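**Student:** For reference, the structure I am asking about is given below.
Readers should treat all values here as calculations from the given coordinates under stated rules, not as data from a laboratory. The model shown is predicted, which means the values in this text are computed figures rather than measured ones. Cβ placement follows ideal geometry from the backbone for every residue including glycine, while neighbour counts extend to all protein chains displayed.
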Amino acid sequence: MGNQQRVVVLGGAGFLGSHLSERLVGEGHEVVAVDNFITGSESNVEHLSGTPLFSLVEADVSDGIPVEGPVDVVLHFASPASPIDYLEFPIETLKVGSLGTLNGLELARANDARFIMASTSEVYGDPQIHPQHEDYWGYVNPVGPRSVYDEAKRFSEALVTGFRTTYGTNTGIVRIFNTFGPRMRPNDGRAIPNFVRQSLRGEPITLAGDGSQTRSICYVDDLVDGILALTRASIPGPVNIGNPHEISMLDLAQWIVKLVGSSSETVHIERPVDDPTVRRPDITLATRELGWEPQISAEEGLRRTIEWFRTHPDVTR
Ligand code: NAD
């Protein structure tokens, strides 16, 4: 972004929110992170607390956003995001994806700010077309266990669209595909931190089903680039941001074991209900409208992530 902006990052103490905050502060913007630490942690932004450009407000954004003064951008990245988390906090997830989004939109509207909502590839559900482009409406079970997350995100997208068409709020929706990197929690159930933690400890790698299901994995620095490109733009989206590099969970597990240099074996566990079979973003729109495409190979990203987990042994316990 150009001139110094004042950016409110909802969920700023989470995995993605902390990387966004770090980049924005690094570029000289003022960041107010708002978080209730339900799945995030103050330690994710500890390194920013020394700068006057950064502040952290503890609040549940579903109840309100206690931020005074002018705001140029609102980034809504508050929501439990991994299946383990949103299944533990189903009502909180539905609230933050409805009331939290409403409060964020009201803040943006009152300030004439740009509002970016972190949506997800989960809005495509267990997709019937492959790869997924933005015009695909998805295949979601509205009453399945994952619906608390998927449908909250779909509702959020509708609410964001309503604010744009009704009030002219400057909104943008980003559909994020699986992203990984430092500061993921090793026990949050997501495949990469799980496999890395198990490999580093020489424990068996727990693979859901036969491991033939695929995901496309994006390194966090690339994702941050894409989100900030959408923030600078004025298009509404939705825009897919993710890395089209698609890999089966079995290949991913074996790759991580090899990169770690571990002797871990693979054990098969039951596949979660409604677990998508395939996932790959069509990023034509992001490339055309935002000039964005990922720069960091999956291997380089995995190396950096493994290094981080290796040098932060306290989090792998
Ligand atoms: P995360 O759990 O690390 O971060 C979410 C943050 O939001 C946490 O710090 C949490 O404490 C905070 N939060 C949750 N509910 C809140 C509330 N009511 N009030 C205030 N703070 C609240 O997860 P993440 O991976 O960083 O995901 C961030 C956003 O990106 C989420 O909206 C998620 O749905 C979306 N997303 C992430 C991915 C991914 O691969 N990481 C993929 C698709 C979408």
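**Student:** Using only the Cα atoms of the range 168-317, build the gyration tensor, take square roots of its eigenvalues as a ≥ b ≥ c, and label the shape rounded, prolate or oblate: rounded if a/c is under 1.5, else prolate if a/b is larger than b/c, else oblate.
**Tutor:** Judged from the Cα gyration tensor, the range 168-317 comes out prolate (a/c at least 1.5, a/b above b/c).
**Student:** Also: Please build a GNM for the chain, connecting alpha carbons under 10 Å apart, and tell me which residue among Arg201, Arg154, Arg185 fluctuates the most.
**Tutor:** Arg201
**Student:** Using the alpha carbons of the chain, what is the convex hull volume per residue in cubic angstrom, as a whole number?
**Tutor:** Working: hull volume 37.9 nm³, N = 317.
With only Cα atoms used, the chain gives 119 Å³ per residue.
**Student:** Can you tell me, using C-alpha contacts under 8 Å and at least 6 residues apart, the relative contact order of the range 123-248 as a whole percent?
**Tutor:** So the answer I get is 27 percent.
**Student:** Could you tell me how many degrees, from 0 to 90 and to the nearest 10, lie between the Cα long axis of helix 15-26 and the main elongation axis, the longest principal axis, of the Cα atoms of the chain?
**Tutor:** Value to nearest ten degrees: 50.
**Student:** Now a separate question. Which percentage, to the nearest 5, of the DSSP beta bridges contained in the chain is antiparallel? Numbers along the way, then the final one.
**Tutor:** Details: 3 of 39 bridges.
Percent antiparallel among DSSP bridges in the chain is about 10.
**Student:** Show me, for the range 151-157, the HN-Hα J-couplings you get by feeding each phi into the Karplus relation (A = 6.51, B = -1.76, C = 1.60, θ = phi - 60°), rounded to Hz, glycine and proline as x.
**Tutor:** 6, 4, 5, 5, 4, 4, 4
**Student:** Using the Cα atoms as the points, what is the convex hull volume per residue of the range 1-105 in Å³?
**Tutor:** Dividing the Cα hull volume of the range 1-105 by its residues yields 89 Å³.
**Student:** Calculate for the chain the 222 nm mean residue ellipticity that helices alone would give, adding -39,500 (n - 2.57) per DSSP H run of length 4 or more and normalising by residue count, nearest 500 deg cm²/dmol.
**Tutor:** -11000 deg cm²/dmol
**Student:** Search the structure for amide H atoms under 5 Å from the amide H of Asn187, placed 1.01 Å from N in the peptide plane, and list their residues when 5 or more places away or on another chain.
**Tutor:** Excluding prolines and chain starts, which carry no amide H, there are no hits.
**Student:** Okay, next question. Would you kindly state the longest site-free stretch of the chain, with sites defined as GluC sites (Glu not before Pro) in a DSSP loop (not H, G, I, E, B) surrounded by at most 15 other Cβ atoms within 10 Å?
**Tutor:** Value returned for the longest uninterrupted segment is 69-264.
**Student:** Got the relative contact order for the chain handy, in percent, Cα pairs under 8 Å and 6 or more residues apart?
**Tutor:** 17
**Student:** Rounded to two decimals, what is Rg over Rh for the range 42-96 when you use alpha-carbon atoms and the Kirkwood radius?
**Tutor:** Computed over Cα atoms, the ratio is 1.02.
**Student:** While we're on this one: Could you tell me whether the range 264-311 comes out rounded, prolate or oblate from its Cα gyration tensor? Rule is a ≥ b ≥ c as square roots of the eigenvalues, rounded for a/c under 1.5, then prolate if a/b exceeds b/c, otherwise oblate.
**Tutor:** Working: a/c = 3.69, a/b = 1.30, b/c = 2.84.
It comes out oblate by the Cα gyration axes.
**Student:** Per the Debye formula with a single identical scatterer at each Cα and no solvent contribution, what log10 I(q)/I(0) holds for the range 215-277 at q = 0.16, 0.26, 0.30 Å⁻¹?
**Tutor:** -0.75, -1.13, -1.24
**Student:** Can you bin the range 15-69 into rounded, prolate or oblate? Criterion: square roots of the alpha carbon gyration tensor eigenvalues sorted a ≥ b ≥ c, rounded for a/c under 1.5, prolate for a/b above b/c, oblate for the rest.
**Tutor:** Oblate, because a/c is 1.5 or more while a/b does not exceed b/c.
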